[in-house]
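Student: To start, I am sharing the structure in question, which I have written as structure tokens.
What follows draws every value from the coordinates through simple rules; no lab data is involved. This is a predicted model, so every value here is computed, not measured. Cβ placement follows ideal geometry from the backbone for every residue including glycine, while neighbour counts extend to all protein chains displayed.
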Amino acid sequence: MNISYIFYALGNNAFFASRTFLPALVTALAIKFPEFIPLLDSLPITGDELWLVKDEVILGLAILSFIEELAIRNPDFARMIEEIDAFIKFAAILAINNAMLDPQVLEAIFNHAGTTGSTAMIIGVAVSAPVIFIARLRRNFLAYLRDLDEGNDLGLISLANWLENGWIFFGVFFLVFLPGLAFFVILIVLACVYLLEQYLKKKERQSKIECANCKELILPTATACYSCGTANSKIKNVGLLGFPKDTEAVDLQTHKYRLLSVKRCPHCANRKRDKSFDAQCETCKKYPKELGVDVKLYAEAIDSRLKEVLITAFILGLFPIIGLIATIIYSKLKLARPYSQYTGFGKSFLIRLITRVGIVILFVIQPVPVIGYLSCPAIALMYYHAWKSGFEEQYGLTK
Ligand SMILES: [Zn+2]
Ligand SMILES: [Zn+2]
């Protein structure tokens, strides 16, 4: 029995769960140019006559990989294909695993000749199906990251993209040349991701509290139960990333705006997915309007943060580079995100572009004495004004 093939085909699931075309491209390159890998002169997986290694196929895969990379950077697109994503990936890995499953391998697996094409297909499906489960695991994990860092303000989404690309690029090569060893490394990595996800889920469950009336589990930051509407008597404050703090909220109205500023429902404190400020909450079905919050007062609540952020930025300005990066993250979370998360895509695209150019300029200026010191407060002001004006325009708040 050709155990290399089984390791290879199963291991592939870990890469195709991440991307559809990149793992296929790297596989094709690894088989076409084995001379780039030192120390190895024979391939466990062979394929000189394979369709996969033809120039036009490689070129096509390269173009598709590039398009996919651009597409997944758009959160709207990523969400749109989320439902069918696992099945597209299944089709891709099935094509690759079946391409590798040449007649010799098939014979070796069953130790006799004359195995039919349909048997090959059944084996192909069996060794490719895990991709559907791993793709789901990845989706849940990314959803968690997106909740934490919508708009990529902390750079977590970019970091995840880079890690995944690196994992595919090195992993696929490794898998083609040393299927057995690579397979066990993959198992360990997947187990770690799974355990981490379970841990995060458990932590989230544990942080919930029981509704005094209906006993449903509600978020400690909620002002009321999402199910029966009973008011929460001990509302916990909400942090900049949406997690509950240890302190209790003093003023109900202030707390509602704070929830909205981290894109959470002012009633049940669950995540709001919609980009519109006035949108209905998907969990409790309430509209912000019926909860006594107003878009204009929201903007005022955010504006009142400016002084504190500017003072912090002045202090951070004393530290070169680190102070600058800290200011970027802090002012993004405190001033930009409360506005950007409710700003439509056309407008945000332009604002993102302009603020990025601004950041580059301010980075260059920072080492200059005296003026450079003002870079940090300038970053805070730039984010604040750029996003505030976009938000005000969208919600008709400009006088
Ligand atoms: Zn309740
Ligand atoms: Zn709600």
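Student: Counting pairs of alpha carbon atoms under 8 Å apart in space and at least six apart in sequence, what relative contact order in percent does the range 210-293 give?
Tutor: 23
Student: Could I have the simple spin-label model distance between residue 62 and residue 87, label points 7 Å from Cα toward Cβ, reported in nm to one decimal?
Tutor: Roughly 3.3 nm, to one decimal.
Student: Any idea what angle helix 156-177 forms with the longest principal axis of the chain, computed on alpha-carbon atoms, 0 to 90 degrees, nearest 10?
Tutor: It works out to around 10 degrees.
Student: Using a Debye calculation, one point per C-alpha and no hydration shell, please list log10 I(q)/I(0) for the range 179-261 at q = 0.10, 0.21, 0.25 Å⁻¹ in order.
Tutor: Evaluating at q = 0.10, 0.21, 0.25 Å⁻¹ gives log10 I(q)/I(0) of -0.38, -0.96, -1.18.
Student: Which value results for Rg/Rh of the range 241-319 when Rg is the Cα radius of gyration and Rh the Kirkwood radius based on the inverse mean 1/r?
Tutor: Result: Rg/Rh = 1.04.
Student: Between the helical axis of 306-316 and the dominant principal axis of the chain, each derived from Cα atoms, what acute angle in degrees is found, rounded to the nearest 10?
Tutor: Helix 306-316 sits at roughly 60 degrees to that axis.
Student: Using only the alpha carbons of the chain, determine the length spanned along each of the three principal axes and report them from longest to shortest in whole angstroms.
Tutor: Taking max minus min along each principal axis of the Cα atoms, the chain gives 78, 61, 34 Å.
Student: Still on this structure, please answer the following. So, R0 is 56 Å and r is the distance between the beta-carbons of residue 233 and residue 80; what FRET efficiency does that work out to, to 0.05?
Tutor: 0.85
Student: Subtracting the Cα-Cα distance from 0.36 nm times the residue separation, let me have the gained length for residue 204 to residue 121 in nm, one decimal.
Tutor: Contour length minus Cα-Cα distance gives 25.7 nm.
Student: Relative contact order for the chain: what percent, with Cα pairs under 8 Å and sequence separation of 6 or more?
Tutor: 13
Student: Another question about this same structure. Put a dot 7 Å past each Cα toward the Cβ at residue 213 and residue 308; how far apart are the dots in nm?
Tutor: Result: 3.2 nm between the two label points.
Student: Between residue 71 and residue 370, what FRET efficiency comes out of the Förster formula 1/(1 + (r/R0)^6) with R0 = 56 Å and r the beta carbon distance, rounded to 0.05?
Tutor: The calculated FRET efficiency here is 0.80.
Student: Still on this structure: Can you order the peptides 314-321, 328-335 by their average number of other Cβ atoms within 10 Å per residue, highest first?
Tutor: Put in order of decreasing packing, that is 328-335, 314-321.
Student: May I pose another question? List residues of the range 297-320, by number, whose backbone nitrogen lies under 20 Å from a label position 7 Å along Cα→C-beta of residue 247.
Tutor: 301-313
Student: Given labels modelled 7 Å from the Cα in the Cβ direction, how far is it in nm from residue 191 to residue 129?
Tutor: 2.3
Student: What angle, in degrees between 0 and 90 and rounded to the nearest 10, separates the Cα long axis of helix 75-100 from the longest principal axis of the Cα atoms of the chain?
Tutor: Relative to the chain, helix 75-100 is tipped by roughly 10 degrees.
Student: If you don't mind, there's one more thing I want to ask. If you take the square roots of the eigenvalues of the alpha-carbon gyration tensor of the range 278-362 and sort them as a ≥ b ≥ c, do you get rounded (a/c under 1.5), prolate (a/b over b/c) or oblate?
Tutor: Taking the square roots of the gyration eigenvalues as a ≥ b ≥ c, the range 278-362 is prolate.
Student: Continuing with this model, one more query. Which is farthest toward the positive dipole end of the chain among 259, 17, 167, measuring Cα position about the Cα centre, with Cβ charges +1 (Lys, Arg) and -1 (Asp, Glu)?
Tutor: Checking the options against the dipole of the chain, the answer is 259.
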